[in-house]
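Novice: Take a look at the following structure, please.
The values are calculated or read from the model by the stated rules, or taken from the named source; none is laboratory data. Being a predicted model, the structure only gives us computed values, none of them experimental. Every residue, glycine as well, gets a Cβ built from its backbone with ideal geometry; the counts of neighbours run over all protein chains shown.
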Amino acid sequence: MLKTPLGRYRLLAYVVGVGLVVLVFAGVPLQHWAHFPYIAKYVGMLHGFLYIVYCVTCLELVLRYRLHLVRLLLMAAAGFVPFLSFVMERKTTHFLEAREVAMTASPASVPTSAK
């Protein structure tokens with residue numbers, strides 16, 4: 001799974017998404033209501049570091065597969081909106097898999113000099 005840019009992106013999308021959900025729905029409420037700041041502190045730091053790695057992975061994916069800049073911005077934005085990274089990961093994976101199937105199914109039109 002980690003051998004391809006898509007595999008690395010998928011893994012990091014899930015890890016960053018889970019970290020953000022834990023941070024937003026457990027860490028921040030515990031910090032404010034129970035005065036227990038440790039989950040928000042450590043999960044927040046971990047999410048911040050992994051978000052940077054996630055953005056680099058998104059950039060690698062965009063450059064490798066020649067995707068549009070808008071898709072890069074959407075993938076990057078998905079890392080800081082809860083649950084959106086899961087949705088964007090599925091959409092990007094389906095898009096790239098469909099594009100790969102389309103490229104392998106249709107033969108390339110190669111001009112020949114023979115008549």
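Novice: Quick one: GLU97 ticks every box in (1) assigned to a helix (DSSP H, G or I); (2) touching a Leu at 6+ places or on another chain (Cβ under 8 Å); (3) modelled with pLDDT under 95 except a single one, so which number is it?
Specialist: If we test GLU97 against (1) assigned to a helix (DSSP H, G or I); (2) touching a Leu at 6+ places or on another chain (Cβ under 8 Å); (3) modelled with pLDDT under 95, just (2) comes out false.
Novice: Next question, about the same structure. In the range 8-27, what residues are within 11 Å of the chain's Cα centre (by Cα) and loosely packed, with under 14 Cβ neighbours inside 10 Å?
Specialist: Passing the criteria: only TYR14.
Novice: Take the residues in the range 28-57 that are loosely packed, with under 15 Cβ neighbours inside 10 Å and among the aliphatic types (A, V, I, L, M), then tell me which one is farthest from the chain's Cα centre (by Cα).
Specialist: Filtering first and then ranking leaves ALA34.
Novice: Among the numbered conditions (1) part of a helix (DSSP H, G or I); (2) out of contact with any Ser or Thr (no Cβ under 8 Å at 6 or more places or on another chain); (3) exposed (fewer than 15 other Cβ atoms within 10 Å of the Cβ), tell me where LYS3 comes up short.
Specialist: Result: LYS3 fails condition (1) only.
Novice: While we're on this one: So which of LEU61, LEU67, LEU73 ends up being assigned to a helix (DSSP H, G or I), modelled with pLDDT of 90 or more and either closer than 16 Å to PRO5 by Cα or of a type in the set (Phe, Trp, Tyr) (or both)?
Specialist: Being assigned to a helix (DSSP H, G or I), modelled with pLDDT of 90 or more and either closer than 16 Å to PRO5 by Cα or of a type in the set (Phe, Trp, Tyr) (or both) holds for just one of LEU61, LEU67, LEU73, which is LEU61.
Novice: Inside the range 76-88, can you point out the residues that are more than 10 Å from the chain's Cα centre (by Cα) and assigned to a helix (DSSP H, G or I)?
Specialist: PHE80
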